[in-house]
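Just below is one structure, and these are the notes that go with it.
Laboratory data are not the source of any read-out in this text; all were calculated from the coordinates shown. This one's a predicted model, so the numbers in the text were calculated from it and none came from an experiment. Cβ placement follows ideal geometry from the backbone for every residue including glycine, while neighbour counts extend to all protein chains displayed.
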Amino acid sequence: MADTARNVTRQEPKLHKSVTEIIESPDFKRLVSLRWTVSMVLLALLFVTYYGYILLIPYAPDFMKSKIGEVTTMAIPLGIGVIVIAFVLTAVYVVWANSSYDPEVERLKGQLRK
Amino acid sequence: MNSFAQQLLSLAAQAGEYKLGERNNTALSFFFVIVLITLVITYWAAKKTKTSSEFYAAGRSVSAAQNGLALAGDYMSAASFLGISGMVAMKGYDGMIYATGWLVGWPALMFLVAEPLRNLGKFTFADVVAFRLRQTPVRIASAVGGILTVLFYTIAQMVGSGNLIKLMFGIPYLWAEIIVGVVMLAYVLFGGMLATTWVQIIKACLLLAGVTLLTVLVLIKVGSPGDLYAKVVHDYGQKMLEPGALAKNPLEAVSLGLALMLGLLGLPHILMRFYTVPDAKAARKSVLYATGLIGYFYIIIPIVGFGAAVLIPGGQAAIKAIDAGGNMAAPVLALTLGGTPFLGFIAAVAFATILAVVAGLTLAGASAYSHDIYVNVIKKNKATEEEQVKAAKTATIVFGVFAVALGIPFKGQNVAFMVGLAFSIAASANFPALFMSIVWKRFSTQGAVASILVGALLSVGMITLSETVWVGVFGFSSAIVPLKNPCVISMTASFIAGIVVSLLSPDAQAQAKFEDEKLRTYLGVGAE
């Protein structure tokens, strides 16, 4: 286990060449870059949601304190909203990964076995 | 549910003579039943736990749904349950800021590290950091970062347990710590990760049921959440529903936010759970389950806190009289609403929570030593299965003793706040190195070590010089570091150290391996 990268090669020595081919294939590169694009877009939305909320507290105190009911302040639904949005963003990633990422991973793995 | 609730409420009326701090036999029996069940599981798990993969990673046999529950169990610690409900009861809205911050780490964990972590690692997050770098220095640095994080986290749990036991069972603080230590060691030593996982699953279900019941009882008593807020405002003023001192200073607010969000991505006991599932797909699904369960928990926990402030006779003053940190709001609310049986149930659940979380933390702390340092550094990866498991068990005992000993000097701190500090160390010491090792080709051995050490030393140093420790523990009159939570500075410094040092000490071999590693990172080829 000292060097796992070497382990992989040792276990599958015959595949080494096609490993390089896969890594250098446009399909694999596209998959990796798509994976990070999706992640980063979702992460950006998460940051905007959460830090937007956190910064509203010092910069827009009156808005946060404004009443939306008899006593209920704006801050309460916004706090709950952050939690709900965080869950929705997680779900979006899972749906994307299950429907788009995984099939492509399987396809590329299939090429490797040839 | 309604008649059951009324039954509980009528029991509350009869419980008038019970005084907190007396030995409570109902609580004790609930507690013993829970401990007994978990020990039976440990016995069953012990028979299945022989190899190191079974000890550390439950043989990679845990399903996504089970792991989701166990992750939620690991995460909904005493800090979340006792700490946030207490903070809401005492300070109002500020407690909700903690609750939101604690959830938003989960999507970030998913987007940035969950799948690569599962594909690249074996037992600990250090496996990933050290994957293509020189093993010895990186393993030692990672183990230092990991153990520091786990220690701070454990202190918070121990403070929670000590207060709870003082309140519930009438046993002295020291004995309480020792009981937690012994039972938790039994789980970990004999049952390993499999027992720890099942203890977490049971505890997560109990905790969710207990908090749901508390919420329902509060709402039956007061009406809608709107009515609850009206009562809070009537008793304590509009301030309770407005953000208060916690996020007044934007830098302070962002610093806490960063620690809560990205600290999750550096928590060794959480990251370790991803090795219990068979593959990256299961890891991904388990994050979604965990996020849903934890989100639900954090949405309803403020109701428990507000309920405690208005329904407990004597309100905030009474809660504060029991524990200065406010941590006992939820158990006392249970006493008010359901009498000693409900108090017993909630206290037993909270105690089980602490036991389970401390077990998970101990396993993570012990594996940082036994897997990263003993097996990989001292034995140069030539340890036999038997030696590995033996080292893990020895490390478990040592860590358990430390956990008990450190529970004592930090009494009286709010546990949610203490855990916030543990997150700050995790976000500064562990997360930057983990993330850069996954995404950045030029990340080098020296860069990793610099990043981990700068993050760890700076965050611990700044916490020591901040108000909480410098004034609160050492008793100096004013703090040297003005920030209560150092994350914004210590995490940034850790990233800068990692980048600058990596650029100054390029590592051609590590860069070459980065390309090979991609197949495993993204396709899971060769993952263990």
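Values as computed for the structure displayed
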quantity	calculated
Number of partner chain Cβ atoms within 10 Å, mean per residue of A:78-85	6
All aspartates and glutamates inside 17 Å of B:Lys285 as judged from Cα atoms, apart from same-chain residues fewer than 8 positions distant	A:Asp102, B:Asp74, B:Glu115
Residue-by-residue Karplus 3J(HN,Hα) for segment B:472-486, coefficients 6.51, -1.76, 1.60, Hz, glycine and proline x	x, 9, 8, x, 6, 7, 9, 7, 7, 9, x, 6, 6, 10, x
Spherically averaged projected area in nm², based on the convex hull that wraps the Cα atoms of segment B:88-145	5.7 nm²
Neighbourhood charge, 13 Å Cβ-Cβ cut-off, centred on B:Ala204 and excluding it, Lys, Arg +1 and Asp, Glu -1	+1
Protection proxy ranking of B:212-219, B:100-107, A:77-84, B:315-322 - average other beta-carbon atoms within 10 Å, highest first	B:100-107, B:212-219, A:77-84, B:315-322
Aspartates and glutamates with Cα under 19 Å of B:Lys166, excluding same-chain neighbours fewer than 8 positions away	B:Glu17, B:Glu22, B:Glu177, B:Asp323
Mean Cβ neighbour count within 10 Å, used as a protection proxy, ranking B:45-52, B:128-135, B:201-208 highest first	B:128-135, B:201-208, B:45-52
³J(HN,Hα), Karplus 6.51/-1.76/1.60, whole Hz, each residue of segment B:434-451, x for Gly, Pro	4, 5, 5, 5, 7, 9, 10, 4, 8, 4, 10, 4, 4, x, 4, 4, 4, 4
Per-residue HN-Hα couplings for segment B:189-195 [Karplus 6.51, -1.76, 1.60; θ = phi - 60°; Hz; x = Gly/Pro]	4, 8, x, x, 5, 5, 5
Peptide A:65-77, shielding by other chains (average Cβ, 10 Å cutoff)	5
Charge-dipole axis of chain B as Lys and Arg at +1 and Asp and Glu at -1 on Cβ define it, positive-most pick from B:Val233, B:Ala359, B:Ser255	B:Ala359
Residue among A:Gly79, A:Tyr59, A:Ser39 farthest towards the positive dipole end of segment A:39-114, charges placed on Cβ	A:Ser39
Sorted by Cβ density within 10 Å, fewest first, the residues B:Phe55, B:Phe476	B:Phe476, B:Phe55
Rounded, prolate or oblate (a/c below 1.5 giving rounded, otherwise prolate when a/b exceeds b/c) for the protein assembly as shown by Cα gyration tensor	prolate
Dipole in debye (nearest 20) - segment A:39-114, about Cα centre, beta carbon charges: Lys, Arg +1; Asp, Glu -1	320 debye
Gain upon complete extension [A:Phe63, A:Leu45; 0.36 nm per residue less C-alpha separation]	4.3 nm
Chain B: calculated mean residue ellipticity at 222 nm from DSSP helix runs of at least 4, using -39500 (n - 2.57)	-23500 deg cm²/dmol
Average beta-carbon neighbours from other chains, 10 Å sphere, peptide B:96-109	6
Pairs beyond 28 Å (Cα-Cα), from A:Lys29/B:Lys281; A:Lys65/B:Lys231; A:Lys29/B:Lys380	A:Lys29/B:Lys380
Whether segment B:365-437 is rounded, prolate or oblate, judged on the alpha carbon gyration tensor where a/c under 1.5 counts as rounded	oblate
Centroid-to-centroid separation of segment B:305-320 and segment B:433-467 [C-alpha atoms, Å]	42 Å
Ratio of the Cα radius of gyration of chain B to 2.2 N^0.38 Å, where N counts its residues	0.94
Built amide H within the under 5 Å cut-off of A:Thr73, gap 5+	A:Ile68
Peptide ranges B:60-73, B:393-406 listed from the most packed, as the mean C-beta count within 10 angstrom indicates	B:60-73, B:393-406
Area projected by the alpha carbon convex hull of segment A:39-114, averaged over all directions, nm²	6.2 nm²
